[in-house]
């Protein structure tokens, strides 16, 4: 049975909620049951933001998770807060551009992605850091198909937002290629 619980955390303004929305939409494209539960502080930009995405073949009973399969930590405070919650044999992705010190319990994999650098240098669009992380996730642990995420981006970035579509599609590819080319992966 397919069932993935993903927790995404970072600062407001890093596109945390957008990343979760894209992932949830990709799950819907594939016909899965999905849940997208955003949470953010009153500050929004610069404050804390996180969201939980659940993708499952079965009905989803709760919209949040106490023990995610995957943590995507875009900054150090999110890593420190949520890393202890990741379940055994889970995955922690860290944006190694902003998270320099990390460790995890034995049996939890860590995928280090210098997402800020990749978004800035490879995509030439620092605002796509979140989608670079998503591309890396899909290459390492395909919770949904890459093509489904491309379709989700096309569904979400329509109308006035369509000007951002090609940048986001490129960012997705950059994250994927980083992992495929042997990105920095450590197992604890």
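The values are calculated or read from the model by the stated rules, or taken from the named source; none is laboratory data. Quick caveat, the model's predicted, so the values are computed rather than measured. No Cβ is skipped: glycine too gets one built from the backbone with ideal geometry, and neighbour counts run over all protein chains shown.
The requirement of being crowded, with 19+ Cβ neighbours inside 10 Å and out of contact with any helix residue (DSSP H, G or I) (no Cβ under 8 Å at 6 or more places or on another chain) is fulfilled nowhere in region 34-50; no residue meets it. For region 78-91, the count of residues that are outside any helix (DSSP H, G or I), under 14 Å from the mean Cα position of the chain (by Cα) and over 26 Å from residue 116 (Cα atoms) is zero.
Please verify whether region 41-51 includes one or more residues that are within 15 Å of the chain's Cα centre (by Cα), in a strand (DSSP E or B) and touching a residue at least 60 places away in the same chain (Cβ under 8 Å). Within region 41-51, not a single residue is within 15 Å of the chain's Cα centre (by Cα), in a strand (DSSP E or B) and touching a residue at least 60 places away in the same chain (Cβ under 8 Å). Scanning region 123-149 for residues that are in a helix (DSSP H, G or I) and crowded, with 18+ Cβ neighbours inside 10 Å yields a count of 15.
Looking across 112, 145, one residue alone is under 16 Å from the mean Cα position of the chain (by Cα), touching a residue at least 60 places away in the same chain (Cβ under 8 Å) and within 15 Å of residue 95 (Cβ to Cβ). It is 112. Quick one: how many residues across region 150-183 are surrounded by fewer than 21 Cβ atoms within 10 Å (Cβ to Cβ), touching a strand residue (DSSP E or B) at 6+ places or on another chain (Cβ under 9 Å) and at pLDDT 95 or above? Here the count works out to 1.
Taken as a whole, the structure places residue 112 among residues that are under 27 Å from residue 168 (Cβ atoms) and in contact with a strand residue (DSSP E or B) (Cβ under 9 Å, 6 or more places away or on another chain).
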